[in-house]
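The values are calculated or read from the model by the stated rules, or taken from the named source; none is laboratory data. Remember, it's a predicted structure, so these values are computed and weren't measured experimentally. Backbone-built Cβ (ideal geometry, glycine too); neighbour counts: all protein chains shown.
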Amino acid sequence: MRLMFILLLPLLWSPLVASATPAFDAPPERSTDGGFTLNWETDTAVVLEQATGPDHADARIIYEGSDTSTVISGLSDGEYRFRLRAAEADDWADQATVTVEHHSLARAFGFFAVGAIVFLVLIGAILRGRPRD
Amino acid sequence: MTGLDDPILPTSIAWGLLAAFSVLWVVLGWWLGRRNKTAEDHMLAGRNVGLALATATAMATWVTANTTMTAPQLALQLGVWGMLGYSLGALGLILFAPLARRIRELMPRGFTSGDFIRLRFGTFTWRVFLVVSLIYAFGWLVSMAMAGGVLINALAGIDYRVGMTVILTVCVLYTLLGGLRAVIGTDFIQTIIIIAGAAFIAWLTIDKVGFEAIHFNLMEERPELLSLLFPAAIMFLFNNLLFGVGEIFHSNVWWSRAFAFGRHVGFRAYLFGGLLWLPIPIVAGFIALATPALGINVPAADMVGPLVAAEVLGLTGAIVVFIVVFAALASSLDSLLAATSDLVTRDIYRGHIRPQASEQNQFRATKVIVVLLGLLTWLAASYRGELPIVGSLAELLYFTGAFVASAIWPIVAGLYWKRANPQGAAWSMILGSGLGLASYFMIGFYVAALVGAAVSLAVMVLATWLAPRPFDWDRLARDDTQVMGSPA
């Protein structure tokens with residue numbers, strides 16, 4: 001039994017060794033405001049790439065360095081693919097896909113209208129200026 | 001592309017600045033407050049603050065961690081609408097102008113916003129209001145202490161907890177020494193620093209990067225930030241306005257000033273303060289839009305302002321940002337410490353624990369409470385990122401949005417509607433906060449205050465319409481100096 005444990009030890013150890021290669025830390029799957037934060041775990045400098053198609057044809061590098069997160073914002077509706085690798089490595093170590101689907105404009109203007117009504121009632125109440133009898 | 005891995009401000013310069021401004025604020029606090037003899041001197045600066053100081057303190061207190069650090073964050077996340085929407089927070093100050101006049105007329109001897117709610121609506125509503133008010137005050141205190149730590153860490157690489165501890169200690173010290181007189185006096189100097197510094201940074205950013213480069217890169221990489229039909233930003237517009245209105249209308253920070261300003265000063269001071277404040281978030285937020293053009297990595301959204309300024313302007317920029325944000329933080333932290341300790345002294349200590357407390361007892365209690373508040377804030381801010389809500393500046397602030405926006409209508413109805421229903425006032429805060437929080441988690445941070453304010457309005461109108469309760473306005477002036485603990 002003890003021998004078995006010693007033999008299995010390297011297997012138990014392996015996830016810790018693997019964390020030396022960069023990996024995304026719980027990337028979001030969806031965004032309704034075109035923005036999110038990507039976090040990753042790494043011991044070295046990384047390269048982060050962003051693309052819109054599955055073949056990464058339009059890929060561009062959006063970060064190179066030792067930070068472990070980046071704030072993405074202002075994306076239009078669509079599917080965005082991110083790949084991560086160590087700066088000195090050639091192979092990509094991890095990837096994540098985030099779907100951006102903004103709130104509908106009907107919903108947005110619905111909230112806008114509610115806000116406008118509350119604001120106008122507020123102005124009205126204050127402008128009357130005197131206690132109501 | 002650069003990030004956090006190489007701080008721009010050398011540690012020795014950061015410590016030098018921190019030490020110099022800490023000594024300046026503490027000495028000023030001691031000097032300004034040296035003649036305070038009574039609780040009324042300490043809490044309300046003798047009730048005779050003039051227009052220039054009054055305008056400066058209104059404007060400087062409203063320029064907070066929110067303005068200098070969250071405004072760029074919102075520009076980065078919600079684009080042009082986020083930036084403009086944030087500046088609508090000025091309407092909170094402007095709309096408070098007539099309220100300040102009415103408060104001074106109705107309660108010439110009043111001390112706190114809690115006094116008003118207790119006399120106007122009775123004990124139950126007063127207690128609900130105190131819970132709402134203290135949740136907000138504490139959230140704001142913690143967010144500003146966090147902002148101090150984040151700023152010093154982002155610019156100089158000094159450990160977050162060390163920076164946060166130094167800023168908090170300085171503010172507690174000079175608030176303790178000088179009371180509201182010191183808070184208002186330092187606010188005046190801090191206002192001048194904030195306006196000059198923010199204008200300098202924006203001018204240099206435009207000069208160095210240029211509008212064309214900023215626009216081109218945004219269109220390429222973050223197009224929604226320039227879109228006028230950005231759905232989340234459209235939802236955010238009135239949310240932020242109502243958040244600002246809620247913050248100002250209910251908070252004792254602004255009520256204590258309404259009581260402290262000389263007669264006929266409050267209206268003009270809040271009006272001018274609001275107009276002066278209006279461009280600050282646009283100037284402070286605009287620089288975040290230069291992020292794509294500069295190729296800066298932003299590891300956390302609330303760090304974008306200091307990072308961009310330091311990147312564009314190098315060492316000089318980092319020094320200017322450091323001084324401006326330190327001034328902005330100090331001017332708000334001290335106000336909030338002073339106003340919250342007044343609220344706790346009057347409404348909790350005297351209102352619930354020792355109704356017969358003498359003037360001297362209250363004077364001492366105010367000081368002990370400032371220290372206790374400082375300690376509690378330090379404890380909560382120490383656990384940034386480890387507690388569920390205390391994640392980032394914005395998360396914490398927007399969380400309080402549901403609470404404060406639901407307090408708008410009890411205040412407005414209390415001041416202007418003779419037949420406002422007291423139970424309706426309490427339930428408008430309870431239901432407004434509850435549904436506002438639900439929308440925060442179910443839809444997004446950008447609707448919490450809006451839903452809170454809308455629900456609160458509906459409950460207040462309905463309750464007053466179904467069960468009107470006439471109120472004698474003269475009771476406010478007559479009863480506001482009487483012993484507490486007895487319901488109105």
Which ones in segment B:435-481 are of a type in the set (S, T, N, Q) and under 16 Å from B:Leu415 (Cβ atoms)? B:Ser456, B:Thr464
Which condition number in (1) crowded, with 16+ Cβ neighbours inside 10 Å; (2) in contact with a helix residue (DSSP H, G or I) (Cβ under 7 Å, 6 or more places away or on another chain); (3) among the hydrophobic types (A, V, I, L, M, F, W, C) is the one that B:Ile195 fails? (2)
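Does B:Leu294 satisfy the condition of being crowded, with 21+ Cβ neighbours inside 10 Å and over 22 Å from B:Gln190 (Cα atoms)?
On the way: crowded, with 21+ Cβ neighbours inside 10 Å: no; over 22 Å from B:Gln190 (Cα atoms): yes.
Here the answer is no, as B:Leu294 does not meet what is asked.
Quick check on B:Ser341: is it at pLDDT 85 or above and of a type in the set (Gly, Ala, Ser)? Give the derivation first.
Details: at pLDDT 85 or above: yes; of a type in the set (Gly, Ala, Ser): yes.
Answer is yes for this residue.
Kindly state which helices (runs of 4 or more DSSP H) lie completely within segment B:196-260 and contain at least 1 residues that are within 11 Å of chain A (Cβ to nearest Cβ) and without any contact (Cβ under 8 Å) to a residue 12 or more places away in the chain.
Working: elements: B:211-221, B:231-250, B:252-260.
Those helices (runs of 4 or more DSSP H) span B:211-221, B:231-250.
Of the residues B:Gly149, B:Gly46, B:Gly79, B:Gly114, which single one is modelled with pLDDT under 80 and part of a helix (DSSP H, G or I)? Break it down into steps so the answer makes sense when it comes.
Details: B:Gly149 fails: modelled with pLDDT under 80; B:Gly79 fails: modelled with pLDDT under 80; B:Gly114 fails: modelled with pLDDT under 80.
Only one candidate passes the filter, namely B:Gly46.
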If a residue must be touching a Pro at 6+ places or on another chain (Cβ under 7 Å) and among the small types (Gly, Ala, Ser), how many such residues does segment B:291-328 contain? 1
In segment A:63-95, which residues are among the aliphatic types (A, V, I, L, M) and surrounded by 19 or more Cβ atoms within 10 Å (Cβ to Cβ)? A:Val71, A:Ile72, A:Leu75, A:Leu84, A:Ala93
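This table checks each residue for (1) farther than 19 Å from B:Thr67 by Cβ; (2) crowded, with 24+ Cβ neighbours inside 10 Å.
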site	(1), (2)
B:Phe259	yes, yes
B:Arg263	yes, no
B:Tyr270	no, yes
B:Gly273	no, yes
B:Pro281	no, yes
B:Ile287	no, yes
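Going through segment A:42-53 one residue at a time, which ones are touching a Gly at 6+ places or on another chain (Cβ under 8 Å) and assigned to a loop (DSSP other than H, G, I, E, B)?
A:Ala45, A:Thr52
For a quick check of your reading: which strands (runs of 3 or more DSSP E) sit entirely within segment A:54-119 and have at least 1 residues that are in contact with a strand residue (DSSP E or B) (Cβ under 9 Å, 6 or more places away or on another chain) and within 7 Å of chain B (Cβ to nearest Cβ)? Outline the logic, then answer.
Numbers: elements: A:60-65, A:69-72, A:78-86, A:94-100.
Correct list: A:60-65, A:69-72.
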From the list B:Val298, B:Val321, which residue is assigned to a helix (DSSP H, G or I) and out of contact with any Asp or Glu (no Cβ under 8 Å at 6 or more places or on another chain)? B:Val321
Hey, B:Leu237 hits all of (1) within 30 Å of B:Val170 (Cα to Cα); (2) modelled with pLDDT of 85 or more but one; which does it fall short on? (1)
Please go through segment B:415-434 and give me each residue that is more than 27 Å from the chain's Cα centre (by Cα), within 14 Å of chain A (Cβ to nearest Cβ) and not hydrophobic (A, V, I, L, M, F, W, C), ordered by number. B:Lys418, B:Arg419, B:Asn421
Filter segment B:85-127 down to the residues that are away from every other protein chain (no Cβ under 14 Å) and within 30 Å of B:Val308 (Cβ to Cβ), then identify the one that is surrounded by the most Cβ atoms within 10 Å (Cβ to Cβ). B:Tyr86
